[in-house]
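The values are calculated or read from the model by the stated rules, or taken from the named source; none is laboratory data. The structure displayed is predicted, hence computed values, not measured ones. Counting neighbours? That spans all protein chains shown, and the Cβs are built from the backbone with ideal geometry, glycine included. Remember, those area values only see protein heavy atoms, side chains included, never the ligands or the DNA or RNA. Shrake-Rupley method; radii C 1.70, N 1.55, O 1.52, S 1.80 Å.
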Amino acid sequence: MPQDEERELIEIELLLEGMHRLYGYDFRNYALPSLRRRIWHYVHAEGLKTISSLQDKVLHDRSVFDRFVQNLSIPVTEMFRDPTLFRFFREQIIPVLRTYPYIRIWHAGCSTGEEVYSMAIMLHEEGLYDKARIYATDMNDRSLQQAKEGVYGIEKMKLYTTNYLEAGGTRAFSEYYTAKYNSVIFHPYLRKNIIFAEHNLATDRSFNEFNVIFCRNVMIYFNDELRNHVHGLFHESLSHFGILVLGSKESIHFTEFSDAYEPLDRTEKIYRKIK
C-alpha cells in the first residue's frame, strides 16, 4: 500500500475510534469507500486539509461532531418508495397480520419518517392501526425530529401520490395531510401509535419483539462484520414467522442467518423467519 493511502487509512481509523470512545457513535464497521468519500466531503466543507485536522475539531467541539454525524448519515427516502413492495405487503402480509391480536412493527433506520407514515396510512386503511404499534428508530436525531413533526416539502407530494396509488392506496392521498405555504403536515392521528426513538444499529441492543421489521437500504453502507451483527439483532428481535423487509440492493443471503428465513418475494426482498 502506498504511504499516502496508508496514512489516510490510519487517520480514518483514529477518527472513528475517537468518536466511538468519546461519543459512543460507532462507524468503525461502515463500508470504507462510501465512508471515505463522506469524510473527505466534510473535510473540504469545513475548509480543512487533512482528516487529522477534522479529528481535532470533532474531538474538541461537540457542535462539529454533531454536524459531522449528520453528514455521515445522509437520509434518502420517500413515501411508498418501491410501490410494488408496499402493494405486496398490503395484499400478502396484511391478511396475516389481521389474524394477530396485536401488531408490533419496527422501522430501523427510519430516516425522516416517510416510510413510517406510509405504513401508518396503509394500516389505517386496512383497519389495523388501532391494534398496532410502530417503532421508528434512527441514529440521526435531526432526521428523527423531522419524522416526529411529519412536515415535508409540498413539491414531493406529486411523486408520493403516484407511489401511494401504485401501492394500492384506496383514497385521495391529500386526505392525509394539510398543505401550508411550501410544506405539508401529516395529520396527528397518524402519529398516535408511532414511537420515535434514537437507536444505533451498530451499538444498541434489541428492545422488543416484533412481527415485522423494515430496514431498507441501510446495511448497504455496512461491512460484512457489521451486517452480520445487525442481522443477528433482527433475528433476535423477530417473532417466529416474523417478516423482515430489506432494501432492493440488500439480501439475507451470504449472511450467517440465511437459513433462518424463507423468501416470500425475492424481488422485493421480503423474508419470513422460520427458525
Any trypsin sites (Lys or Arg not before Pro) in region 179-219 that lie in a DSSP loop and have at most 15 other Cβ atoms within 10 Å would be K192, R205
Quick shape check on region 75-163: root eigenvalues a ≥ b ≥ c of the Cα gyration tensor, a/c under 1.5 is rounded, otherwise prolate if a/b tops b/c, else oblate, and it reads oblate
Counting only chymotrypsin sites (Phe, Trp or Tyr not before Pro) that sit in a DSSP loop (anything but H, G, I, E, B) with at most 13 other Cβ atoms within 10 Å, what is the longest stretch of the chain containing none of them?
1-101
Amide proton proximity set for Y135, modelled H, under 5 Å, gap of 5+:
I105, W106, H107, I195
Can you list the GluC sites (Glu not before Pro) in region 181-271 that are in a DSSP coil and have 14 or fewer other beta carbons within 10 angstrom?
E209, E256
If the cut-off is 25 Å between C-alpha atoms, which lysines fall inside it for K275, apart from same-chain ones fewer than 8 positions away?
K249
Test of understanding: what is the full-extension gain from M1 to Y102, defined as 0.36 nm times their sequence separation minus their Cα-Cα distance?
30.8 nm
Rg and Dmax [Cα atoms of the chain; Å; Rg one decimal, Dmax integer]
19.8, 62
At a Cα cut-off below 30 Å, give the lysines reachable from K49, other chains included and same-chain residues fewer than 8 away excluded.
K57
Report, to the nearest whole %, how much of the accessible area of region 1-156 belongs to carbon and sulfur atoms, 1.4 Å probe, protein only.
50
In deg cm²/dmol and to the nearest 500, what is the mean residue ellipticity at 222 nm of the chain if only DSSP H runs of at least 4 residues count, each as -39500 (n - 2.57), divided by the residue total?
-12500 deg cm²/dmol
Just the accessible area per residue of the chain, please: how many Å² with a 1.4 Å probe?
48
Computed about the Cα centre, the charge dipole of the chain from +1 Lys/Arg and -1 Asp/Glu charges at the Cβ has a magnitude in debye, to the nearest 20, of 800
